[in-house]
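Read the structure below first, then the notes.
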Amino acid sequence: MTSDANGTLFVSSIADGGVLKVGADGAVVSHFLKPGDHGTRSTFGLLADPKRGVLWVASNDATALGAKGPTGTEGAWVKAFDVATGAMKTSVRLPGAKALANDFALDGDGSLYVTNTFAPQILRLKPGATEFEVFVEDPVLSKGLDGIAFGADGNLYVNTFMGGELFRIEVKQGVAGQVAQLETPRPLKFPDGLRAFKDGFLMVEGSGALSRITVSGNSARIEPVGQFAGPTGVTVSGDRIWVSEGQLGLMSKPPEAGRDAPSFHLRSVNVP
């Protein structure tokens, strides 16, 4: 999920595809992008880009994860849609035979950075470019790259969903440098959405935790903020922190006879 400057929330769906638009007061929910439109399939990461006035959307063939999606579009794609009109402005496929576009970060020049969950890569799309370039590729990032965000120090931070790891990638004049794993005071359990927040980050974990992360040297401090049902995304809107309860564990469980369909919620807490 993501939010724009007006407080509007945007929410994707791996299972169904499309993007929902939720008014700042939560009263109006509508389709910003209908499932399958513009060749989209299972939708993953979202990021509002206020400078361009677009919403970046990750669309993937997630069959390997148990989600068929609304179309048969192959591969992993990143698409940009005009926030005001919904028109598609950009559509770029990730390179490689096996790729999955997960989440996004933007630098000060407007370049878009994308985590590739199926490869130990972070890809970059410069303004006006029609193809991705590999910004960094390192075997230590092989355990399911997921959340990504720039820190106040100008470096790039990422986590790995399966590895439960947190990394810092040094960035100097637009060039990637050393990749360093950060020490954490407790094991991370399926870390997912990561967003810059004050002097650090907000991060959710599939185990339920919403935490505030601050980094000092090669160590990360983790402060609990809230507990939710399988959170996957996090965004700040005004004086509220919003979390999407994705409950990804349900995707691997067969439906049970007589069981009600699962419900999914967006929940919020006050900004600490």
Open item on the list: Please compare each pair in Lys89/Lys143; Lys34/Lys143; Lys98/Lys172; Lys98/Lys198; Lys51/Lys198 to a cut-off of 26 Å on the Cα-Cα distance and tell me which ones are over it.
Closed with: Lys89/Lys143; Lys34/Lys143; Lys98/Lys172; Lys98/Lys198
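Rounded if a/c is under 1.5, else prolate if a/b is larger than b/c, else oblate: which is the chain, with a ≥ b ≥ c the root eigenvalues of its Cα gyration tensor? Write down the numbers at each step before the final one.
Working: a/c = 1.27, a/b = 1.11, b/c = 1.14.
It is rounded, given that a/c, with a ≥ b ≥ c, falls under 1.5.
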- [ ] In nm, give the distance between the simple-model label positions of Asp199 and Met162, each being 7 Å from the Cα along the Cα-to-Cβ direction.
- [x] 3.7
TODO: Sort out the exposed loop trypsin sites (Lys or Arg not before Pro) in the chain (DSSP loop, at most 16 other Cβ within 10 Å) and tell me the longest stretch that has none.
DONE: 199-258
Task: Prolate/oblate/rounded label for the range 113-272 (Cα gyration tensor, a/c 1.5) - done: prolate
TODO: Please calculate how many Å² of accessible area the chain carries per residue, with a 1.4 Å probe and no DNA, RNA or ligand atoms counted.
DONE: 46
Open item on the list: Among Asn155, Ser219, Ser111, whose Cα projects farthest towards the positive end of the dipole of the chain, with charges put on the beta-carbon of Lys, Arg (+1) and Asp, Glu (-1)?
Closed with: Ser111
Open item on the list: Report the gain in length on full extension from Leu65 to Val29: 0.36 nm times residue separation, minus Cα-Cα distance, nm rounded to one decimal.
Closed with: 10.2 nm
- [ ] Just grab the label-to-label distance for Ser142 and Thr85, each label 7 Å out from Cα along the Cβ direction, in nm (one decimal).
- [x] 4.6
TODO: Would you mind telling me which residue in Gln181, Gln173, Gln227 has the biggest mean-square fluctuation in a Gaussian network model of the chain, where springs connect alpha carbons within a distance under 10 angstrom?
DONE: Gln173
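Please state, as a whole number in µm²/s, the translational diffusion coefficient that the Stokes-Einstein equation yields for the range 181-234 at 25 °C and 0.890 mPa s, with Rh defined as the Kirkwood radius across alpha carbon pairs.
Calculated translational D: 222 µm²/s.
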Open item on the list: Multiplying the sequence separation of Lys189 and Glu170 by 0.36 nm and subtracting their Cα-Cα distance, what value in nm do you get?
Closed with: 4.4 nm
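Once the piece of chain linking Asn6 and Lys126 is laid out straight, how much longer is it, given 0.36 nm per residue of separation minus the C-alpha distance between them?
Computed gain between Asn6 and Lys126 is 40.6 nm.
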Open item on the list: Normalised by the empirical 2.2 N^0.38 Å for globular proteins, what value does the Cα Rg of the range 129-209 take?
Closed with: 1.10
Open item on the list: What does the net charge come to around Pro185 if you take all other residues with beta carbon closer than 15 Å to its beta carbon, with K and R at +1 and D and E at -1?
Closed with: 0
TODO: May I ask which residue of Thr130, Ala101, Leu182 lies farthest towards the positive end of the charge dipole of the range 51-182, with charges of +1 (Lys, Arg) and -1 (Asp, Glu) on Cβ and the Cα centre as origin?
DONE: Thr130
Task: Separation between Cα centres of the range 59-118 and the range 191-227, rounded to whole Å - done: 24
Open item on the list: Once ligands and nucleic acids are excluded and a 1.4 Å probe is used, how much of Tyr157 is accessible, expressed in Å² to the nearest 10?
Closed with: 10
Task: Among Asp109, Asp49, Asp199: highest mean-square fluctuation, GNM of the chain, C-alpha pairs under 10 Å - done: Asp109
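The values are calculated or read from the model by the stated rules, or taken from the named source; none is laboratory data. Since this is a predicted model, take the numbers as computed values, not measurements. Every residue, glycine among them, receives a Cβ derived from its backbone with ideal geometry; neighbour counts consider all protein chains shown. For accessibility, only protein heavy atoms count, side chains too; no ligands or nucleic acids. Shrake-Rupley method; radii C 1.70, N 1.55, O 1.52, S 1.80 Å.
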